[in-house]
């Protein structure tokens, strides 16, 4: 979800859970964790971040 229009469409569906993987597999696209988490929180959704590919480079809890 690195395309703003796709993000807006996803949040328009009022999700209860937002799952992000960053960097993505296999394209290694980076997601703005803080921005998506903020939108999820505002929507009342739980945000989960899978960063298996780069645990030392991106730290979702910081």
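The residue that is modelled with the lowest pLDDT, among those in the range 31-53 that are in a loop (DSSP other than H, G, I, E, B) and either out of contact with any helix residue (DSSP H, G or I) (no Cβ under 7 Å at 6 or more places or on another chain) or over 17 Å from residue 16 (Cβ atoms) (or both), is 53. Every condition in (1) modelled with pLDDT of 80 or more; (2) assigned to a loop (DSSP other than H, G, I, E, B) is met by residue 56 except one, and the failing one is (1). Of all the numbered requirements in (1) in a helix (DSSP H, G or I); (2) modelled with pLDDT under 85, residue 62 misses one, and that requirement is (1).
The values are calculated or read from the model by the stated rules, or taken from the named source; none is laboratory data. This is a predicted model, so every value here is computed, not measured. Don't worry about glycine lacking a Cβ; one is built from the backbone with ideal geometry, like all the others, and counts go over all protein chains shown.
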